1. Return the only residue of Ala74, Ala38, Ala14 being at pLDDT 90 or above, more than 30 Å from Asp222 (Cα to Cα), touching an Asp or Glu at 6+ places or on another chain (Cβ under 9 Å) and assigned to a strand (DSSP E or B).
2. I need a count of the residues in the range 164-181 that are of a type in the set (A, V, I, L, M, F, W, C) and touching a residue at least 60 places away in the same chain (Cβ under 8 Å).
3. Just give me the residues in the range 18-54 being more than 18 Å from Cys64 (Cα to Cα) and open to solvent by 60 Å² or more (accessible area, probe 1.4 Å), in sequence order.
4. What pairs come up if the first residue lies in the range 110-137 and is open to solvent by less than 80 Å² (accessible area, probe 1.4 Å) and small (Gly, Ala, Ser), the second is at pLDDT below 70 and outside any helix (DSSP H, G or I), and their beta carbons are under 6 Å apart, counting only those six or more places apart or on different chains?
5. Of all residues in the range 164-219 being within 17 Å of the chain's Cα centre (by Cα), open to solvent by 30 Å² or more (accessible area, probe 1.4 Å) and among the acidic types (Asp, Glu), which is farthest from Ala237 (Cα to Cα)?
6. Quick one: how many residues across the range 176-191 are more than 11 Å from Ile224 (Cβ to Cβ) and part of a strand (DSSP E or B)?
Amino acid sequence: MNSQLILRGLDGTATLENPCVLIDRGDRRSRVPLQAVADVRVAADRARMVEIVLTDSVVHRVECRNTAAVAAFAAAVGRSLPDRRDGAGSDLVTVEPLPRRPRAPLFTSGRARAVVAVCAVAWTAHIVTAFVRGGPTTLLFTVLGLLPALSALLILRVLAAALHDWIVLRRRGITVLARYDGSYSGRLSTFTFVAADGFERTYRGSGGRREVEVVYDPEDADRILARRPVAQDLLRAVLGLVLLAVPTGLAVGAAVLAYRAGASG
C-alpha cells in the first residue's frame with residue numbers, strides 16, 4: 001500500500017489519497033475524484049505550480065516552492081488516473097469543512113522547547129555573571145527584573161496576535177449578522193451565521209443581544225470578531241500599550257539599578 005503523497009503549497013495543500021485528490025485551502029477541503037480528472041501537469045510557464053485539469057476543463061492549481069515536489073506529485077497523480085473518466089468533471093467534486101485543529105499549547109513543539117531552553121540557559125548565565133561581577137545587590141535587581149520582563153513579553157504576544165487579526169480582517173474580512181441560538185459556552189452566548197460559502201459558523205461573545213455584527217476570515221474559521229467602532233479599537237489599543245508600558249518600565253528600571261550596582265561594586 002503506497003503512502004499518501006502530500007504537496008504543501010503556498011496557498012493550500014494537495015493530497016493524493018486514491019481514489020481522490022484532496023485540496024485543502026483555509027478551512028475547506030475539495031475532494032476531487034480521480035475519475036473526474038482529465039490531466040495533471042506542471043504549469044507550462046510556472047514550474048512551481050501543478051494544475052489539475054478536470055474533464056469539464058475546470059482547473060485546480062496549487063503552487064509550491066519545491067519544483068521537484070511539484071513534478072513528483074503531478075507524475076504520481078498521473079499514474080493513478082483511471083482508464084475511464086467521467087465527463088461530469090466539477091459536478092463530482094465535493095466541498096466539506098475541515099475539522100478544526102486544536103490550537104497547540106504553548107511550548108509543545110520542539111522549536112519552542114529549544115527556544116525556552118536557550119533563554120533559560122542565557123538567563124541563568126546572566127544571573128551568575130551579575131552575582132560574580134556585582135555581588136548580591138546586582139543579583140537581587142537582576143532577579144526582580146525577571147517577572148516584569150516575562151509579563152511584558154506575554155502582553156506583547158497578546159497585542160501582536162490581536163493586531164494581526166485586526167489587519168487580516170480589515171483586509172479580507174466579511175461582515176455578516178449573527179443571531180443568538182439560545183445556547184451558552186461558559187459565560188458567553190453563542191451566535192451562529194451562514195458564511196458566504198454556505199457553511200454555518202459560530203461566534204461566542206457577551207450576551208444580552210439577539211443579533212450582533214461579526215467580521216470573519218473566509219480562510220480561517222477561528223478568526224471571528226464582533227464589529228466595533230474605530231474609536232473603541234483605538235481605546236483598546238491605548239489601554240494595551242499602557243499595560244505593556246508598566247512591566248516594561250519595571251524591567252528596564254531593574255536592569256538600570258542592576259547595572260549601577262555592578263558599576264559601583
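1. Values: Ala74 fails: assigned to a strand (DSSP E or B); Ala14 fails: more than 30 Å from Asp222 (Cα to Cα).
Of the residues listed, the single one that is at pLDDT 90 or above, more than 30 Å from Asp222 (Cα to Cα), touching an Asp or Glu at 6+ places or on another chain (Cβ under 9 Å) and assigned to a strand (DSSP E or B) is Ala38.
2. The initial filter retains those residues of the range 164-181 that are of a type in the set (A, V, I, L, M, F, W, C), namely 166-169, 174, 176-178.
Filter again for touching a residue at least 60 places away in the same chain (Cβ under 8 Å), leaving 166.
So the answer is 1.
3. Asn18, Pro19, Arg31, Gln35, Asp39
4. From the range 110-137, the pairs are Gly134/Gly265; Gly135/Gly265.
5. Ranking the qualifying residues of the range 164-219, first place goes to Glu219.
6. Selection size over the range 176-191: 11.
The values are calculated or read from the model by the stated rules, or taken from the named source; none is laboratory data. This is a predicted model, so every value here is computed, not measured. Glycine gets a Cβ as well: all are built from the backbone with ideal geometry, and neighbour counts include every protein chain shown. Just the protein is used for accessible areas: all its heavy atoms, side chains included, with ligands, DNA and RNA removed. Shrake-Rupley method; radii C 1.70, N 1.55, O 1.52, S 1.80 Å.
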